[in-house]
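Just below is one structure, and these are the notes that go with it.
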Amino acid sequence: MTLTCTILGCGNSSGVPAVGNYWGACDPHDTRNRRTRCSLAVQSETTTIIVDTGPDFREQLNRENIAGPSVSAVLYTHAHSDHVHGIDDLRSIYYQNGRNQIDVYGKGCTLSEISGRFNYLFEGGNDEEYPAVLRAHVIPEDAYGQPFVVGDIPVVPIEMDHGTCLASGYRFGDFAYCVDVKRLDHKALDLLAGVKTWVVDGAAYKNPNKIMHAHLQAIYDYNRHIKAEAVYVTSLSAQMDYKTLEAEMPEGVYPAFDGLVLEAFYGS
Ligand SMILES: [Zn+2]
């Protein structure tokens, strides 16, 4: 079965350009350098999974023509604001899909932090205007590495070290998405082994001392174990110009860009 995986956004927390039209080292004339915050859509014929709802979520869904009612569930990687703070736009989807609550998944620590910040979405507000629109599903600690199913898409959650917190990566058939991540342990690498396409946070670029994000050399080293045929680096900062990256990266490794569509397969 075929999956269509669309990079809704590939920018780091600031986006490119950052506020003030700050392009850093990026060429403003290369449209692939215009980056919204990280998010992903994974779609089968009948199911659409969104991974993270950053501040650009509404624009991203409209840009890719993903209709509200088609959204089956949201998986959260972690609770940082650049991955979460478009969450209120799930209210529009709730109303468009006939007031059916939207299933959201993530680690216990992730969902408790998000629901602490956006309690009205989970519990309902004080008046009818704010019903509870989200239904939280905590992925239990012992379920990491075990597949669960959303619609007709099997999802394997993978625990990752994001430096200051734990994050969840997700594998869908022969495709995996690891954002945000500093370090992958052996268990994570074994769960990722054999994917054909791997999308991974490389926001630290050439700096191995960044606390929260992987740098490119670490990604190359991890992929010696994973052996993905194609690696797409995401969470790109204003210091990471598309053409420069393309020239610097080894064969089989590519910078992501907003709107990039990747095909994946699962099952038989
Ligand atoms: Zn983060």
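Every read-out reported here was derived from the displayed coordinates using simple, explicitly stated rules and does not represent laboratory data. Keep in mind that what you see is a predicted model, and the values were worked out from it rather than measured. Here the Cβ positions follow ideal geometry from the backbone for every residue, glycine too, while neighbour counts run over all protein chains shown.
Observations on the model:
- Scanning segment 107-131 for residues that are touching a strand residue (DSSP E or B) at 6+ places or on another chain (Cβ under 6 Å) and of a type outside the set (A, V, I, L, M, F, W, C) returns LYS107, GLY108.
- Whichever residue in segment 1-40 is in a strand (DSSP E or B) and of a type in the set (Val, Ile, Thr) and, among such residues, is farthest from ASP52 (Cα to Cα): THR2
- Scanning segment 186-209 for residues that are under 27 Å from LEU3 (Cα atoms), in a loop (DSSP other than H, G, I, E, B) and of a type in the set (A, V, I, L, M, F, W, C) returns ALA193, VAL195, ALA203.
- With respect to the conditions (1) within 16 Å of the ligand (Cβ to nearest atom); (2) over 16 Å from the mean Cα position of the chain (by Cα), VAL179 lacks only one, and its number is (2).
- Test result for LEU166, under 14 Å from HIS78 (Cβ atoms) and either touching a Ser or Thr at 6+ places or on another chain (Cβ under 8 Å) or of a type in the set (A, V, I, L, M) (or both): yes
- Selection status of MET212, assigned to a loop (DSSP other than H, G, I, E, B), of a type in the set (A, V, I, L, M) and within 16 Å of the ligand (Cβ to nearest atom): yes
- Selection within segment 215-242: residues that are of a type in the set (Phe, Trp, Tyr) and in a helix (DSSP H, G or I). The member of this set that is surrounded by the fewest Cβ atoms within 10 Å (Cβ to Cβ) is TYR220.
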